[in-house]
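S.K.: Below is one structure. I have some questions about it.
The values are calculated or read from the model by the stated rules, or taken from the named source; none is laboratory data. This is a predicted model, so every value here is computed, not measured. Heads up, the Cβs are rebuilt from the backbone with ideal geometry, glycines too, and the neighbour counts pull from every protein chain shown. Just so you know, the surface numbers come from the protein's heavy atoms only, side chains and all, with ligands and any DNA or RNA stripped out. Shrake-Rupley method; radii C 1.70, N 1.55, O 1.52, S 1.80 Å.
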Amino acid sequence: MSAPDDGRGLRVLYVRFEERDPGEGAGEANDPARFPRLLGLLADFTPVVQALPPDAALVDVRGALRYFGCDAPGLARLVRLRALALHGTDCTVGVAVNPLLARMAARCGPAGAVRVVRPGETAGFLDGRPVAELHGVGPATARTLCSYGLDTAGRVAAAAPGTLQRILGAKTGRLLHERARGIDPTPVVPDEPARSESAELRFGRDELDAGERRRALLTLADELGFRMRTGGQAARALTLTVRYADRTVTTRRRRLAEPSAHTPSLTAVAYALHDGLGLQRARVRAVALRAEELMPAELAARQLSLDPREEKARRAEAAADRARLRFG
């Protein structure tokens, strides 16, 4: 059931840059130029780098192996060494034959390591992995599959394709069956046009207060909304990422009722995602919002409102944007 090796062997790295400790370079952790600098480090190895804001990237290293005289795991170790030496930032690197397996390898253990899934190990690696770890499987899809007893990638791979198509639909069922077998033909696309905008806020100390976290989300939603409005874009979906003191991460995503760059709309969805996590005494180190599936604002359909307060709010927002552009 493993994906066939096309002869090119290990060629894809999934690199996730880790957070720095609060006492060490906290200012740099919040520096908006930090991520572009780290992407520049990867570009020193190969031009085939696909940014995955706010802290990760996919790298196709086929053209770099001969130049550096090492295999893909060796190149991954060199990336970690240079990131630490030049930027004081550790990273976790997954190495595999395609982006799907590289992502999963990076996420299947503690931070700060190089993890490799070789072509002959694909079936064994995937067999016991929870189905929710497959890229593109959200909480709702995972619950549906688990209700049928398909709770691991191995069980999904062993299921008949027709069964998955009846449960999830033809296209989704076929795609999931391929992914459960480790097949992912998705290429690494360098300099891909931005389809998302992200903003992150790191707390000065581990934050227990839900009110402080909600204020941080309001700030991030306002920043994202301003960037999209001035760039003539609107988002179809919003993703919340919460980072905890033990370096674990929770991610939740929700589609907006209609494409929007309106700060109150983004804030309402961000609050709903946060409240849905049910965090009580969680020690939160950082929160991030990512506006996804961006589209030109002029193409976004908008539900007409009979509430005059809605139109007044949008005019006030536009006036505030003009002032912000002029005065900072």
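S.K.: Calculate the length of the line joining the C-alpha centroid of the stretch 137-163 to that of the stretch 198-251, in whole Å.
M.R.: The two parts, judged by their Cα centres, are 31 Å apart.
S.K.: If you rank S260, S265, S147 by how much accessible surface each has, with a 1.4 Å probe, what is the order from largest down? All intermediate terms of the calculation are to be shown ahead of the outcome.
M.R.: Working: S260 10, S265 45, S147 90 Å².
Listed by decreasing accessible area, they come as S147, S265, S260.
S.K.: Given a Förster distance of 30 angstrom, what is the FRET efficiency for R324 paired with R254, based on the Cβ-Cβ distance and rounded to 0.05?
M.R.: For R0 = 30 Å, the calculated efficiency reads 0.65.
S.K.: Between E298 and R215, what is the label-to-label distance in nm when each label sits 7 Å out along the Cα-to-Cβ direction?
M.R.: 4.1 nm
S.K.: What trypsin sites (Lys or Arg not before Pro) does the stretch 180-289 have in DSSP loop regions with at most 15 other beta carbons within 10 Å? Intermediate values should be presented prior to the final figure.
M.R.: Working: sites: R181, R195, R202, R205, R213, R214, R215, R227, R229, R236, R243, R247, R252, R253, R254, R255, R281, R283, R285; in loops: R181, R195, R247, R281, R283.
Filter output for the stretch 180-289: R195, R247, R281, R283.
S.K.: Calculate for the chain the 222 nm mean residue ellipticity that helices alone would give, adding -39,500 (n - 2.57) per DSSP H run of length 4 or more and normalising by residue count, nearest 500 deg cm²/dmol. Present the calculation step by step, with values, prior to reporting the outcome.
M.R.: Working: 13 runs with 138 residues, N = 328.
Value at 222 nm, helices only, nearest 500: -12500 deg cm²/dmol.
S.K.: Run a plain Debye calculation on the chain (Cα atoms as equal point scatterers, no solvent) and give log10 I(q)/I(0) at q = 0.07, 0.12 Å⁻¹, rounded to two decimals, same order as the q list.
M.R.: Ignoring solvent entirely, the Cα scatterers give -0.32, -0.96.
S.K.: If amide H atoms are built 1.01 Å from N in the plane of the peptide, which residues on other chains or at least 5 residues away come under 5 Å of the amide H of T89?
M.R.: Amide H to amide H, under 5 Å and 5 or more residues apart or across chains, T89 pairs with L84.
S.K.: When only DSSP loop residues count, what trypsin sites (Lys or Arg not before Pro) in the stretch 57-132 have their Cβ near at most 15 other Cβ atoms within 10 Å?
M.R.: Working: sites: R62, R66, R77, R80, R82, R103, R107, R115; in loops: R62.
Hits after loop and neighbour filter: R62.
S.K.: Can you sort E200, E19 by solvent-accessible area, 1.4 Å probe, largest first? Each step should come with its number before you reach the end.
M.R.: On the way: E200 65, E19 40 Å².
Sorted by accessible area, descending: E200, E19.
S.K.: Please give the contour-minus-distance gain from R205 to E178: 0.36 nm per residue of separation, less the Cα-Cα distance, rounded to one decimal in nm. Can you show the working numbers first?
M.R.: Values: separation 27, 0.36 × 27 = 9.72 nm, distance 4.29 nm.
Additional length available on full extension: 5.4 nm.
S.K.: Let me ask another. What is the spin-label model distance, in nm, from A111 to K312 if the labels are put 7 Å beyond Cα along the C-beta direction?
M.R.: 4.6 nm
S.K.: Round to the nearest 0.05 the FRET efficiency obtained for A245 and Q165 when R0 = 51 Å and r is the Cβ-Cβ distance.
M.R.: 0.75
S.K.: Using the 2.2 N^0.38 Å rule of thumb for compact globular proteins, work out how the stretch 1-192 stacks up: its C-alpha Rg over that value, please. Write down the numbers at each step before the final one.
M.R.: Values: Rg = 17.7 Å, N = 192, 2.2 N^0.38 = 16.2 Å.
My calculation over the Cα atoms of the stretch 1-192 gives 1.09.
S.K.: A further question on this structure: To the nearest 20 debye, what charge dipole does the stretch 1-192 have about its Cα centre, counting +1 at the Cβ of each Lys and Arg and -1 at the Cβ of each Asp and Glu?
M.R.: Approximately 580 debye in magnitude.
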